[in-house]
2 protein chains.
Amino acid sequence: MKKNAMGRMVPDKIGDRIVTPYEGIYTRRPEGRKAARWQRFTDNQGSKVLHSIDETIDRVGLKDGMTISFHHLFRDGDYVINQVLDACARKGLKGLRLFSTALFPVHKPVIDHIKSGLIDRIEGSMNGPVGAYVSQGGVLAQPAVLRSHGGRWRAVEAGDVEIDVAFLAASQADVMGNATGVFGKTPCGYMTYSGVDAQYARKTVVITNELAPYPVFPFDIQQGWTDYVCVVDEIGDPDSIASGTLQITKSPTRLHIARLAAEAVKYSGYFKDGFSFQGGAGGISLAATKMIGEEMKRAGIVANFIMGGVTKLLIDQLNDGLCRKLMHGQAFDRWAIESLQKDPGHAPIDVGTYANYDGACATAMLDAAFLGATEVDLDFNVNVNTHSDGRLLHGIGGHQDVAHGASVAIVTIPTLRGRMPVIVDEVTTITTPGEVIDVIVTERGIAVNPRQPELKDRFIKAGLPVKELADIKAEAERLVQPVKTPVFGDEVIAVIEWVDGSAIDSVFKVEGWK
Amino acid sequence: MKKNAMGRMVPDKIGDRIVTPYEGIYTRRPEGRKAARWQRFTDNQGSKVLHSIDETIDRVGLKDGMTISFHHLFRDGDYVINQVLDACARKGLKGLRLFSTALFPVHKPVIDHIKSGLIDRIEGSMNGPVGAYVSQGGVLAQPAVLRSHGGRWRAVEAGDVEIDVAFLAASQADVMGNATGVFGKTPCGYMTYSGVDAQYARKTVVITNELAPYPVFPFDIQQGWTDYVCVVDEIGDPDSIASGTLQITKSPTRLHIARLAAEAVKYSGYFKDGFSFQGGAGGISLAATKMIGEEMKRAGIVANFIMGGVTKLLIDQLNDGLCRKLMHGQAFDRWAIESLQKDPGHAPIDVGTYANYDGACATAMLDAAFLGATEVDLDFNVNVNTHSDGRLLHGIGGHQDVAHGASVAIVTIPTLRGRMPVIVDEVTTITTPGEVIDVIVTERGIAVNPRQPELKDRFIKAGLPVKELADIKAEAERLVQPVKTPVFGDEVIAVIEWVDGSAIDSVFKVEGWK
């Protein structure tokens, strides 16, 4: 174990890979050459089309110990990961590394596959049951690795993770493997995450429930990246993509936070024609995004782009002419997918363009962004991965990418969840270093990072309720009830990577609570 | 020098690169890994925008002996190559390798840059004056290398050619380097050729005359591939993209050839709903393409796709519902560009998808295609590069790619040009081996490759004028006038690569004519 620049202990190695401790937000730059992709060749007389996952596993030569990758666009409605893992189990495979972009409650069967030894390593987000299970420790051969969207792209391009077989759900594909998630009977949205998997995997399999005439166009995945097209009955349920969090909050407290966040953008100094922001999908962010739209209308200004996980609200803002382009990170509801099918201003981009750590990604062009947190601390550090009870229940998503990219990164949080404090002395897990968080908006006031004195002045001049973060914390603490705190073991069950591939924190095994 | 499987002599080496003699159409497959691309990093506070080519050359670190690349989408209206070479000359650079996709008469100043020593190697097509000049020999440090569109893409991916700096003309770009050739004041069409240059070059420069708000979308070149955006006054003249050859022929002889070619497609066995063909841009091909459209209407069938260099004729066929998709290789007139801006069925693809040598490119999906020739011989070998006078005046274009991909590759030629024979005993240069040419259509009849007996039977049953190629040649020879034949020297001035990177023929210095 080594201590990194945040004072957190991180392992020396994960498997054979030497861990680089986090040294600062921009200290490590990509250099030299990327990993080399594999040549592909399909016999001119052959066909890429297969009709069973079992046969596909044989054809790609999947073996014990290999790494398999997936995307999570169907979110809690995904059928592909479970189908492929069941097929792997039937083959008696062991020791696979699971490299999905994310796991959801629907992937609870992964726990059984860990117990059976089919999966012994995971790199990727674990939302819900698998994360909770892994938090108990002792179940994987090495710590899990969590990365941001951009960080995962970087890791593959840098060769940190070599994918043996990518299994990519696509709602429409042709015989040559041009594939899309936007069209077809069960669309999941543009395959934002999968370009890097498709390009770098030793073998790339498109799994589809709809073979369409050649050529499928527009395509998210190109035929030249695809080795096989596996046609199955079902790949996922689009109705499960949207979840309950996609409603604008009705809570007066949260609406107040949203109002303050919108005001913070309005008086940030960036609010003018041609500005840009990232909307969020949580209840507060949605409300704040809506309020900014109303402010834009009043001011008669148009954003060059709005970006984010896309919901009906952002589609409405695009169609209302509030932005010149809507940059698409992920579809969060069916309106987002329908819009991708027809709105020329709706611009799907891959995660490389969105957030690759090359200093020139789309998040770096953001003026303002709304972000969430499970905890923040007095150094403005943010935790989005673990709860205060120590359990690993969420992925990083684009949090780090957006926070370090946006000129004004705004975290919107209530000071209490139930009677638990959200502002703490020290976050359980550091996901995003305070250095890149500019503003924390709560129902009790707005705290500005001391690194941003001009921003603070602007807010004060505008009459916004600016307070010290410590004061907000103190106010909230009077209402806090005593909570059980986790007892951590020595075992590192997961490592949180910063966007540059260094380790910013470790998540330790939860032995119990006191 | 070594003799290859076509009996042609090819050099042992070109510079340091060992030449692989051609061994057959499918003997060499891409294996292992591709070349590794370079990491890029732009400082978060920096900008990619520069305002002079001279400054750009300094910033990218262009040095003597390096390789610079360009695309030819503006064709004879390109201003970028000459501007960049002039700037290189001002810097006093020497010994550059010019790796443009093609050169046109407008690039005649390249000759002076060869004379001055600025350019000492060329890899790429040389249409017109530069080719004629190089044909005289003794002017370049090593033989030029000509590749098909797909072969060039393959060569870069395989690492056969390492690009130091790509200078890519784009009619619109943003500050991060998202760039397009489709929109803007002076569009040149989708940047089909340039994806591979942008990805693999050590430094990638987008040269544009129009900086647009971020993000430019849709983009042909992604910001993640771009190091600098150089803003200049003019990049090219779109009105010079279309040339006189884009007219449907009015010659009765050529119209007769077109009619026979259309009939050949109709009776090929592939002419049914869902079929596909590549239209050509020459006068005969255009006429034949129009006639096929009329046959499709009569038969009530729709093509899954039509592909090719795109002209108004193909746009009309797309809009008439004659095809489900129009796959776009290159814009040949302003209608093609206007259509790219608005027709969702018009599908721009990069050359990797079009013709990369991976056994699974779009050309491999073609049922039928029309191709040209300067000469054909009795083994069905085709020459498109040199004239019978020995001079290298044309590039390969997509000839090899389409010929080896299409199920029925049809060469349409008059038997005489002036009083010169087109069917010869042995072609001056082998561009495309006869093995992949299925049909040769002349005004005197249709010759079918003996490798395609079923096709010949179908044509005979349909009452088409099927003849032996030797008989057609003999008929034409009665009308031939004596011609001057070239006297070749020993010096190889260019090597013609087959799609797999092997050398299918050499072009020798022309010492004179007798």
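The values are calculated or read from the model by the stated rules, or taken from the named source; none is laboratory data. Keep in mind the model is a prediction, meaning the values are calculated, not measured. Heads up, the Cβs are rebuilt from the backbone with ideal geometry, glycines too, and the neighbour counts pull from every protein chain shown. For the accessible areas, the whole protein counts, side chains as well, though only heavy atoms, and no ligand, DNA or RNA atoms are used. Shrake-Rupley method; radii C 1.70, N 1.55, O 1.52, S 1.80 Å.
Buried surface between chains B and A: roughly 5000 Å² of accessible area, summed over both sides, computed with a 1.4 Å probe on protein heavy atoms only.
Within segment B:3-75, which GluC sites (Glu not before Pro) sit in a loop by DSSP and count at most 15 neighbouring Cβ atoms inside 10 Å?
Numbers: sites: B:Glu23, B:Glu31, B:Glu55; in loops: B:Glu23, B:Glu31.
Answer by residue number: B:Glu23, B:Glu31.
Peptides B:62-74, B:250-262 ranked from most to least packed, by the mean per-residue count of other Cβ atoms within 10 Å: B:62-74, B:250-262. About the centre of its Cα atoms, the protein assembly as shown shows a dipole size close to 260 debye [charges on the beta carbon of Lys, Arg (+1) and Asp, Glu (-1) only; nearest 20 debye].
Distances between copies of A:Asp490, taken at a point 7 Å out from Cα along the Cα→Cβ vector and listed shortest first: 7.8 nm. The calculated FRET efficiency for B:Ser47 paired with B:Lys108, based on their beta-carbon distance and R0 = 35 Å, is about 0.45.
The value of relative contact order for segment B:244-489, using C-alpha pairs under 8 Å at least six residues apart, is 18 percent. With its label point defined 7 Å out from Cα along the Cα-to-Cβ axis, B:Gly159 lies at 1.0 nm from the matching points of the other copies, in increasing order.
May I ask which of B:Lys94/B:Lys203; B:Lys484/B:Lys509; A:Lys115/A:Lys509; A:Lys266/A:Lys342; A:Lys203/B:Lys342 have a Cα-Cα span longer than 24 Å here? Over 24 Å Cα-Cα: A:Lys266/A:Lys342; A:Lys203/B:Lys342. Here B:Glu23 and A:Asp490 are evaluated by their C-beta separation; at R0 = 60 Å the FRET efficiency comes out at 0.45. The calculated FRET efficiency for B:Ala474 paired with B:Lys342, based on their beta-carbon distance and R0 = 41 Å, is about 0.20. Using a 1.4 angstrom probe on protein heavy atoms only, which residues from segment B:291-310 are buried by at least 10 Å² of accessible area when all chains are present rather than their own chain alone? Buried on complex formation: B:Asn304, B:Phe305. Between copies, the label points at B:Ala36 (set 7 angstrom from Cα along Cα-to-Cβ) are spaced 0.9 nm, reported in nanometres from shortest to longest. What the pair-distance distribution of chain A shows, using all Cα-Cα distances binned every 10 Å from zero, is 4, 20, 30, 27, 15, 4, 1, 0 percent.
Using C-alpha pairs below 8 Å separated by at least 6 residues, the relative contact order for chain B is 17 percent. Of the Cα atoms belonging to segment B:1-156, the radius of gyration and Dmax stand at 17.7, 59 Å. Computed about the Cα centre, the dipole magnitude for segment A:244-489 is approximately 720 debye when only Lys and Arg (+1) and Asp and Glu (-1) carry charge, each at its Cβ.
For chain A, what is the calculated [θ] at 222 nm in deg cm²/dmol (nearest 500), taking -39500 (n - 2.57) for each run of four or more DSSP H residues and dividing by its residue count? Numbers along the way, then the final one.
Values: 14 runs with 127 residues, N = 514.
My calculation for chain A gives -7000 deg cm²/dmol from helical runs alone.
Which value in Å does the Kirkwood hydrodynamic radius of segment B:361-434 take, with 1/r averaged over all unlike C-alpha pairs and then inverted?
On the way: mean 1/r = 0.0802 Å⁻¹.
One over the average 1/r among Cα pairs gives 12.5 Å for segment B:361-434.
The rotation axis that maps chain B onto chain A passes nearest to the beta carbon of this chain B residue, listed with its distance in whole angstrom: B:Ala36, 2. Residues of segment A:322-365 with accessible area at least 40 Å² lower in the all-protein-chain context than alone (1.4 Å probe)? The answer is A:Lys325, A:Thr353, A:Asp358, A:Gly359, A:Ala360, A:Met365 - residues whose exposure falls by at least 40 Å² when every protein chain is included. Simple rule: put +1 on each Lys or Arg Cβ and -1 on each Asp or Glu Cβ in segment B:117-226, find the dipole, and look at B:Gln172, B:Leu140, B:Gln223; the Cα lying farthest toward the positive end is B:Leu140.
Sequence-distant contacts, meaning Cα pairs under 8 Å at least 6 residues apart, place the relative contact order of segment A:355-471 at 26 percent.
Quick check: net charge around B:Ile472, other residues with Cβ under 11 Å of its Cβ, Lys/Arg +1 and Asp/Glu -1?
Working: positive: B:Arg444, B:Lys467, B:Lys473; negative: B:Glu443, B:Glu468, B:Asp471, B:Glu475, B:Glu477.
That sum, taken over residues with Cβ under 11 Å, equals -2.
Roughly speaking, to the nearest percent, how much of the protein assembly as shown's 1.4 Å accessible area is carbon and sulfur? Roughly 49 percent of what the probe reaches on the protein assembly as shown is carbon or sulfur. Excluding ligands, DNA and RNA, the accessible surface per residue across chain B is 34 Å² with a 1.4 Å probe.
In the protein assembly as shown, the inverse of the mean reciprocal separation of distinct Cα atoms equals 30.4 Å; this is its Kirkwood hydrodynamic radius.
Please report the spacing between the Cα centers of segment A:337-361 and segment A:260-311 in Å, no decimals. After rounding, the separation between the Cα centres reads 18 Å. In a reduced charge model with +1 at each Lys and Arg Cβ and -1 at each Asp and Glu Cβ, segment A:83-174 shows a dipole moment near 260 debye about its Cα centre.
For A:Ala347, the residues whose modelled amide H falls within less than 5 Å of its own, excluding neighbours fewer than 5 places apart on the same chain, are A:Leu326, A:Met327, A:His328.
Pairwise Cα distances in segment A:244-489 exceed 35 Å in 11 percent of cases. The accessible-area loss of segment B:153-183 on complex formation, taken against its chain alone with a 1.4 Å probe, reaches 10 Å² or more at B:Glu157, B:Ala158, B:Glu162, B:Val175, B:Met176.
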